[in-house]
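*Asks:* Take this structure first; my questions come after.
The values are calculated or read from the model by the stated rules, or taken from the named source; none is laboratory data. Bear in mind that the values here come from a model prediction, so they are computed numbers and not experimental data. Glycine gets a Cβ as well: all are built from the backbone with ideal geometry, and neighbour counts include every protein chain shown.
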Amino acid sequence: MNLFVRLESENKAINFYQYLNNYFNKDMSKIFALEYFGHNCQNYMNHRDFLFDDIDQVGLYIKIPIYNSTIENKSLEWFEILKNFDNQIKSEEVIVLNDKKNMKLFFESRHSIPDNALIKTRSLNGISIITDTIVPPEHYKKYLNQVHNLLKKEKIEYLLFGHLGDCHLHFHLIPQKKQEARALEIYNMLVDYAANLGGVYSAEHGTGKRKRLDFKKCYGDSAVLMIKNLKYKLDPYFLLNRGNVISYGT
């Protein structure tokens, strides 16, 4: 079963994640997805009016297994979960996406966000900078507040979306040309924020050439040596993905 839930603020969305995490006894695998659409997403998505009715709202996409139940019973169960979290949530704030038209509109909207952000970046002849950080649940509010405060202070355009169920949201920065150098410095600061709170730089998209220094920040020189030794054991002539993570000739 697929639900889209409109909420009034990011704080309410994080509180709902914490509520669900407790409800499921810290086992978020009981649901298949909990995705978040936050700061500035509405301005970059197609079909905005289908998902939202207020520019200040944030959204959650929840994918729920049915197993031996029925969609009717699961719907009632989840409306009860939502009501127990916040009895001010109205049924019209919940969109059931279980028909082809609604699912098509939702996924077109979801996929349009990074596409439209890239179009904006190209119009500026600039670069996109996207975080992939993950932070432990107990520190996630602090991390998000730190990043929001910094980006707003620096007046850099950005979006926030991603995988709330893993405490793994993507800050997508769209700096103006004159802000690019500072934006790259800020990216490094965001990695530091995550590492200092027990998180890491990459939860989903790996390391590669661009994030080698991020790996070293989070795991240290000893981990770099371990990776080099492992690479040598598996690929002694450094023929595969040459230079991507381990510099050729090291």
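*Asks:* Tell me, please, whether a residue that is polar (S, T, N, Q), surrounded by 15 or more Cβ atoms within 10 Å (Cβ to Cβ), within 19 Å of the chain's Cα centre (by Cα) and farther than 26 Å from TYR143 by Cα can be found in the range 1-20.
*Replies:* yes
*Asks:* What is the one condition in (1) out of contact with any Ser or Thr (no Cβ under 6 Å at 6 or more places or on another chain); (2) of a type in the set (Phe, Trp, Tyr); (3) not assigned by TED's automatic domain parsing to the domain that holds ASP27 that TYR193 does not satisfy?
*Replies:* Condition not satisfied by TYR193: (3).
*Asks:* When you check ALA183 against the structure, is it assigned by TED's automatic domain parsing to the domain that holds TYR36, touching a residue at least 24 places away in the same chain (Cβ under 8 Å) and touching a Ser or Thr at 6+ places or on another chain (Cβ under 7 Å), yes or no? Before you say what the answer is, go through the steps one by one.
*Replies:* Details: assigned by TED's automatic domain parsing to the domain that holds TYR36: yes; touching a residue at least 24 places away in the same chain (Cβ under 8 Å): yes; touching a Ser or Thr at 6+ places or on another chain (Cβ under 7 Å): no.
When the stated conditions are applied, ALA183 does not pass them.
*Asks:* Hey, any hits in the range 81-95 for a residue that's in a helix (DSSP H, G or I), of a type outside the set (Asp, Glu) and either in contact with a strand residue (DSSP E or B) (Cβ under 6 Å, 6 or more places away or on another chain) or outside the structural domain of ARG182 (by TED's automatic domain parsing) (or both)? Can you show your working first?
*Replies:* At the first step, the residues of the range 81-95 found to be in a helix (DSSP H, G or I) are 81-85, 91-93.
Then keep just the ones that are of a type outside the set (Asp, Glu); that gives 81-85, 91.
Checking the rest, the ones that are also either in contact with a strand residue (DSSP E or B) (Cβ under 6 Å, 6 or more places away or on another chain) or outside the structural domain of ARG182 (by TED's automatic domain parsing) (or both) come to none.
For the range 81-95, residues in a helix (DSSP H, G or I), of a type outside the set (Asp, Glu) and either in contact with a strand residue (DSSP E or B) (Cβ under 6 Å, 6 or more places away or on another chain) or outside the structural domain of ARG182 (by TED's automatic domain parsing) (or both): absent.
*Asks:* Within the range 181-202, can you find the residues that are out of contact with any strand residue (DSSP E or B) (no Cβ under 9 Å at 6 or more places or on another chain) and not in a helix (DSSP H, G or I)?
*Replies:* Our first condition is that a residue be out of contact with any strand residue (DSSP E or B) (no Cβ under 9 Å at 6 or more places or on another chain); within the range 181-202, this holds for 181-182, 185, 188-189, 192-193, 195-198.
Once the filter is applied, which keeps residues that are out of contact with any strand residue (DSSP E or B) (no Cβ under 9 Å at 6 or more places or on another chain) and not in a helix (DSSP H, G or I), the range 181-202 yields LEU197, GLY198.
*Asks:* Being in the same structural domain as ASN2 (by TED's automatic domain parsing), over 13 Å from the mean Cα position of the chain (by Cα), surrounded by fewer than 17 Cβ atoms within 10 Å (Cβ to Cβ) and assigned to a strand (DSSP E or B), is that true of even one residue in the range 128-142?
*Replies:* no
*Asks:* Is it true that MET226 is surrounded by fewer than 16 Cβ atoms within 10 Å (Cβ to Cβ), of a type in the set (A, V, I, L, M) and closer than 18 Å to ILE129 by Cβ? Give the steps one after another, and end with the answer.
*Replies:* Numbers: surrounded by fewer than 16 Cβ atoms within 10 Å (Cβ to Cβ): yes; of a type in the set (A, V, I, L, M): yes; closer than 18 Å to ILE129 by Cβ: no.
In short, no.
*Asks:* Just to be sure I understand, how many residues within the range 155-180 are buried (at least 17 other Cβ atoms within 10 Å of the Cβ) and either assigned to a strand (DSSP E or B) or modelled with pLDDT of 95 or more (or both)?
*Replies:* Result for the range 155-180: 17.
*Asks:* Determine whether the range 38-53 contains at least one residue that is in contact (Cβ under 8 Å) with a residue 24 or more places away in the chain, touching a Pro at 6+ places or on another chain (Cβ under 8 Å) and over 22 Å from PHE171 (Cα atoms).
*Replies:* No: the range 38-53 contains no residue that is in contact (Cβ under 8 Å) with a residue 24 or more places away in the chain, touching a Pro at 6+ places or on another chain (Cβ under 8 Å) and over 22 Å from PHE171 (Cα atoms).
*Asks:* What pairs come up if the first residue lies in the range 215-232 and is free of Cβ contacts under 8 Å to residues at least 60 places away in the same chain and of a type outside the set (A, V, I, L, M), the second is surrounded by fewer than 11 Cβ atoms within 10 Å (Cβ to Cβ) and not in a helix (DSSP H, G or I), and their beta carbons are under 8 Å apart, counting only those six or more places apart or on different chains?
*Replies:* Close Cβ pairs (under 8 Å, with a partner that is surrounded by fewer than 11 Cβ atoms within 10 Å (Cβ to Cβ) and not in a helix (DSSP H, G or I)) amount to LYS228/THR250.
*Asks:* Kindly provide the set of residues from the range 203-230 that are in a loop (DSSP other than H, G, I, E, B) and farther than 12 Å from ASN188 by Cα, ordered by number. Walk me through how you get there before you give the answer.
*Replies:* As a first pass, look at the range 203-230 and keep what is in a loop (DSSP other than H, G, I, E, B): 203-211.
Of everything in the range 203-230, those that are in a loop (DSSP other than H, G, I, E, B) and farther than 12 Å from ASN188 by Cα turn out to be ALA203, GLU204, HIS205, GLY206, THR207, GLY208, LYS209.
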